Structures are given as C-alpha cells and as structure tokens.
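FYI, it's all coordinate maths here, none of it is from the lab. Just so it is clear, the structure is predicted and the values come from calculations on it, not from any experiment. Ideal geometry is used to build each Cβ from the backbone, glycine not excepted, and the neighbour counts take in all protein chains shown.
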C-alpha cells in the first residue's frame, strides 16, 4: 500500500478535472450527467492505493476496505490523484470503486486511470474480477461525506 496526501476539490466538475489531468483518452460516458460533482468542499485527504497479490473481486476489495475502516475512493479523489501524481498509474491501472455508473445494459461501471501506449487514459471498467496488476484507492472515514456507491 502507498498513500498520498492530496487536496481534493469535490465541487470541481468532471470535465474540469479531466482537462486539468491532461488525459489523452477519455471514455465518452464520463461526463457530469453520469458523474455529478458531490459538493463544494475542498479537503486534504490521505488517498491510499492498494494492490493485492491475486485476482480479486470487487466485493472482496470492498470487504477489505470495510474491515480496515476505509471507504472506496470516488471520482474527485481519483482525478485529483491522477493530476497530482500521474506516475501512480503509469505501470498499473488505478480504480475508484466508490463512483459507480450503471450503463444502459445495467452493468456497473467504475472509473479507471491507466496508460495505453503513451496516452494517459480515463476509462470505465466493468465491476467483477480484477487482474493481479490492478490497484484501488481508498480513504479514511474522516473524509467528507460524499455519495459513495
């Protein structure tokens, strides 16, 4: 596990956060209608990044977070991390399980930062089983009360 102390603007629109993060590829479904900003709070929080030594299900990651008194990271935290520390997803994907969008086929989709060739990418991934190389963000219970899926 690694951690980064980052100032998160929970009121920033997803479009503004994407522009600030300079992503070369963004899923067209990532916009404010699907991921509205939660509040107008600016808060410095410790974003923890977890990797697991095996393939792992979304439910197991969430159980791990809950048993350690952590909350799954949300969109503003993931994008603030990507902007401040783009190196964290240069080799392995980083995922925020706390912001879930349900697509037209009723699949749960979550945001993922990763590299594709030399492009910084922000895409949506299906919840389910995750490869051993995936990492997940979490925050402590003292983080502002924003909607987490």
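At a glance:
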item: When the chain is reduced to its Cα atoms, the Kirkwood hydrodynamic radius in Å; result: 15.1 Å
item: Sequence of 48, 19 once ranked by neighbouring C-beta atoms within 10 Å, starting from the fewest; result: 19, 48
item: Percentage relative contact order, the chain, counting C-alpha pairs under 8 Å, at least six apart; result: 32 percent
item: Sorted by Cβ density within 10 Å, fewest first, the residues 70, 78; result: 70, 78
item: Estimated 222 nm signal from helices in the chain, with DSSP H stretches of n ≥ 4 weighted -39500 (n - 2.57), rounded to 500; result: -5500 deg cm²/dmol
item: Whether region 59-112 is rounded, prolate or oblate, judged on the alpha carbon gyration tensor where a/c under 1.5 counts as rounded; result: oblate
item: Ordering of 41-47, 130-136 by packing [mean C-beta count within 10 Å, highest first]; result: 130-136, 41-47
item: Potential extension, residue 32-residue 54 segment - 0.36 nm per residue separation minus Cα distance; result: 4.5 nm
